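Shown next, in structure tokens, is the structure this report addresses.
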Amino acid sequence: MSSVPSIRPSRPEDVAPICAIYAHHVRHGVASFELDPPEVAEMARRRQDVLDAGLPYLVAELDGAVAGFACAGPYRRRPAYRYTVESTVYVADWAVRRGVGRKLLEALISACEAVGKRRMVAVIGDSGNDASISLHASVGFSHAGTLKDVGYKHGRWLDAVLMQRGLGAGVETPPAD
């Protein structure tokens, strides 16, 4: 057994544990504004969409099990946003505070830089989500704004915290189109 998470590209057989991790967060947390957890087939479709876009979909393994996942998706669909991605990171409840989230986010940043992305945006559910806000700040994200009371879940209004960081050459130089 290893106490250090290893990060690798996701595989089709990872979809069921990814779905279980995400379902827990949908049911019990406020990081996701979804109200009902998606089925395995829907999670498989979402994973494939990310991969088809040429973006990374990663998993963390810890003690021989999938302990978390991270992926990048297009920030918005309009062409001018093509160098900006939105991050997604979720960690299994049993693996929290074991370095999984940080390793996943660092690997996601590197993978997005490798495919020429220039900006990463995090849309964090709930301004009280100190763990996610701190995680993102620890790897160079800065606060970009807070959308107040834009979601309603578990009987309360929720904010969305926007954070961002540059990737690779950032915005200092134009992309090599």
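Within region 45-78, restricting attention to residues that are in contact with a Phe, Trp or Tyr (Cβ under 7 Å, 6 or more places away or on another chain) and without any contact (Cβ under 8 Å) to a residue 24 or more places away in the chain, the residue that is surrounded by the most Cβ atoms within 10 Å (Cβ to Cβ) is VAL50. Of all the numbered requirements in (1) buried (at least 20 other Cβ atoms within 10 Å of the Cβ); (2) without any contact (Cβ under 8 Å) to a residue 40 or more places away in the chain; (3) farther than 26 Å from ALA176 by Cα, ARG102 misses one, and that requirement is (1). Of all the numbered requirements in (1) surrounded by fewer than 18 Cβ atoms within 10 Å (Cβ to Cβ); (2) under 11 Å from the mean Cα position of the chain (by Cα), VAL139 misses one, and that requirement is (2). Collect the residues in region 1-30 that are crowded, with 20+ Cβ neighbours inside 10 Å and either modelled with pLDDT under 95 or of a type in the set (Phe, Trp, Tyr) (or both), keeping them in residue-number order. Across region 1-30, the qualifying residues are PRO5, TYR22.
The values are calculated or read from the model by the stated rules, or taken from the named source; none is laboratory data. Note that this is a predicted model, so its numbers are computed, not measured. Neighbour counts run over all protein chains shown; Cβ positions are idealised from the backbone, glycine included.
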